Amino acid sequence: MSLRTPSQPSTIHDPDASLLVEFEDGDHRNPVNFPTVKKWGITFTACGFTGITAAAISSYTMGVPTMVEDLHCSTFAATVGLSLYPFGFALVPLFTSALSEEFGRFRLYIATTFLFMLTHVMIALQVAPPHTILTPNIQTVIVARFLGGSFGSTGATLVGGTIADIWQPDERGFPMAVFASAAVGSTGLGPLLAGWVESNNHLGWRWIQWISAIVSGIYFFSVLLFLTETRTDIILTRIARKTRKVKQDDRYHARVEIDKPSLLTLIKISSTRPLNLLLTEPIVLSFSLWVGFTWGVLFCFIDSISGEMQSIYDFTIGERGSTYTCITSCCTGVFLLSCVPDVGAETTTRKYVARKGPEARLCLALVAAILLPTGMLIYAWTTRSYIHWIVPLIGLVVFMVGAFIIYQVVFIYLADWYVFLSFLRDGWRIHLLSLSSYGPYASSALAGQSMCRNLLGAVFPLFTQQMYDSLTYKWANTLFALISVAMIPIPFILFFHGAAIRNRSKVSRKILALVEEKRVFDEEKADRE
């Protein structure tokens, strides 16, 4: 631990000066200095929550047939339960993300994991009399699904921050691939298991929820064993508080404690800034609409693959669940490629970073823009009884590769790199900082795109069945493909003109001012040392 004052070191003897508590280089309490084994333990445990919440999205759909029969509700009412889950993901983090700044990430992991488990129990307890005094109803299921999405949203809002806490920017490629694999790949793993549970007459949809509750309960204990607080300002605040108590000196403070805003102010900022960026920043809006549309189509496929495989190929419920493995397999394949130490991605980024800045991260997005409509068209036009079922599943794999890429790229593009030039004695040189395209506004930019993505994911399933009934699977999926074709220019425009668009942004000008302020601070710090 090191002590600094906001002005000069000599003021350490001033009784009115604040003594700033900061980490020294190599301090083992600093999360970036955790042992590598501990870092990976935290990474895999945190990403496990993302996987569990993603699996819960799609496993629910496999139990809809028996749920409709047992609860005497319509298929549409059961589909509302699917839609309200991402609806909770979209809205609740706007108000709860500020809680991590006040209480830390670890406490939120504990609370939300436990409450997420209870939502599965809440659904599973919808047992018909005389086994319970409660009357089972679809309304309770719908409410529980919304609550599950609300608590499960921690998997999307905290995990990325946890990874950023413990890994340096140039080390985040592989951990972020683990995160993206868990988020996207697990949407296929859930139906794989749930389909065979549903096919057993003695189990059915309730046991899908019981198994989810059991897995969530086991995960809850893994959180207690393997996770710890990783948010730097929370750790420093606790160290400063302890130091004040031990030394009986109220001058010791963490930097975040000075002029710290109230919790209500933090909530106001976290709930309004993402909307402001989403509605005023062309880059955030265009990227959010693109990834949101892709997410909506993914939810349509989650809702419709089972019915399509049944009506065209006469698959059993267990076999229908197994078809979702194409989602998991493609993500696994892309993930294994990322195990090669970022050779392709880093080489491409270094090639274009001097000229393109953050847009150098969009090279893979250009490929994804082509893969998405290609996969949709293959799936739309080959799902025929006289064409082997593996062919449309190949189309789904192509689509999912594209979806996986843009899901990962949106985090890297908005949250990983910001390029600026500084003049050194030996000329202009590129410096990569742990700032994003939107610097300190990165979390708000990500929250804005997450809200847009999950809102579209919530809305699309509500009209999926009606659209397929009116247009047929072939033409409905073709319509999706044509809309995706219309969106192909988005990553290309951002790649070639993203810098010019950002230069016209008020937010970007604020960020450049902050970057210059940080440069001056670092120079003064180096002079003092």
Checking the structure you have, find out if any residue of the range 323-342 is small (Gly, Ala, Ser), in contact with a helix residue (DSSP H, G or I) (Cβ under 9 Å, 6 or more places away or on another chain), surrounded by fewer than 18 Cβ atoms within 10 Å (Cβ to Cβ) and at pLDDT below 80.
yes
Can you find a residue that is under 15 Å from VAL284 (Cβ atoms), at pLDDT below 90, open to solvent by 70 Å² or more (accessible area, probe 1.4 Å) and hydroxyl-bearing (Ser, Thr, Tyr) anywhere in the range 425-441?
no
Residue list for the range 46-70, filter: open to solvent by 10 Å² or more (accessible area, probe 1.4 Å) and β-branched (Val, Ile, Thr)
ILE52, ILE57, THR61, VAL64, THR66, VAL68
May I ask you to list the residues in the range 472-501 that are in contact with a Leu (Cβ under 8 Å, 6 or more places away or on another chain), modelled with pLDDT under 90 and farther than 30 Å from VAL92 by Cβ?
PHE495, GLY498, ILE501
Reported set for the range 93-106 where residues are assigned to a loop (DSSP other than H, G, I, E, B) and buried (at least 22 other Cβ atoms within 10 Å of the Cβ) is SER97
Checking PRO191 against (1) touching a Ser or Thr at 6+ places or on another chain (Cβ under 7 Å); (2) at pLDDT below 85, which test does it fail?
(2)
Name the pairs whose Cβ atoms lie under 7 Å apart, with the first residue in the range 34-49 and assigned to a helix (DSSP H, G or I), the second open to solvent by 80 Å² or more (accessible area, probe 1.4 Å), and 6 or more positions between them or separate chains?
GLY41/PHE226; ILE42/PHE226; THR45/PHE226
Can you give me the number of residues within the range 135-157 that are at pLDDT below 80 and either open to solvent by 40 Å² or more (accessible area, probe 1.4 Å) or closer than 11 Å to TYR85 by Cα (or both)?
2
What pairs can you find where one residue is in the range 476-494 and over 12 Å from VAL291 (Cα atoms) and among the hydroxyl-bearing types (Ser, Thr, Tyr), the other is open to solvent by 60 Å² or more (accessible area, probe 1.4 Å) and part of a helix (DSSP H, G or I), and their Cβ atoms are less than 8 Å apart, with a gap of 6+ or different chains?
THR478/LEU377; THR478/TRP381
When you scan the range 50-90, how many residues do you find that are among the β-branched types (Val, Ile, Thr) and not in a helix (DSSP H, G or I)?
0
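How many residues, within the range 220-235, are open to solvent by less than 70 Å² (accessible area, probe 1.4 Å) and within 12 Å of TYR109 (Cβ to Cβ)?
Adding up the residues that qualify gives 8.
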Being closer than 18 Å to MET487 by Cα, among the small types (Gly, Ala, Ser), modelled with pLDDT of 90 or more and open to solvent by less than 10 Å² (accessible area, probe 1.4 Å) is true for just one of GLY395, GLY457, GLY375. Which residue is that?
GLY375
Screening ALA128, ALA164 for residues that are open to solvent by 20 Å² or more (accessible area, probe 1.4 Å), out of contact with any strand residue (DSSP E or B) (no Cβ under 6 Å at 6 or more places or on another chain) and modelled with pLDDT under 80 leaves only ALA128
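Conditions (1) closer than 15 Å to PRO358 by Cα; (2) of a type in the set (A, V, I, L, M, F, W, C); (3) open to solvent by less than 40 Å² (accessible area, probe 1.4 Å), marked per residue:
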site: PHE463; (1), (2), (3): no, yes, no
site: SER470; (1), (2), (3): no, no, no
site: TYR473; (1), (2), (3): no, no, no
site: LEU479; (1), (2), (3): no, yes, no
site: ILE483; (1), (2), (3): no, yes, no
site: PRO489; (1), (2), (3): no, no, no
site: ILE493; (1), (2), (3): yes, yes, no
site: ARG502; (1), (2), (3): yes, no, yes
Here the residues within the range 167-177 that are at pLDDT below 85 and within 24 Å of VAL291 (Cβ to Cβ) are PRO169, ARG172, GLY173, PHE174, MET176, ALA177
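Here is a yes/no grid of residues against (1) assigned to a loop (DSSP other than H, G, I, E, B); (2) open to solvent by 20 Å² or more (accessible area, probe 1.4 Å):
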| position | (1), (2) |
| --- | --- |
| PRO191 | no, no |
| HIS202 | yes, yes |
| TRP210 | no, yes |
| VAL215 | no, yes |
| ILE218 | no, yes |
| THR237 | no, no |
| VAL256 | no, yes |
| ASP259 | yes, yes |
| ILE267 | no, yes |
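The values are calculated or read from the model by the stated rules, or taken from the named source; none is laboratory data. It should be emphasised that the depicted structure is a prediction, and the values quoted were computed from it without experimental measurement. With ideal geometry, Cβ positions are generated from the backbone for all residues, glycine too; neighbour counts draw on all protein chains shown. Each accessible area value is taken on the protein alone, full model and side chains, heavy atoms only, with ligands, DNA and RNA left out. Shrake-Rupley method; radii C 1.70, N 1.55, O 1.52, S 1.80 Å.
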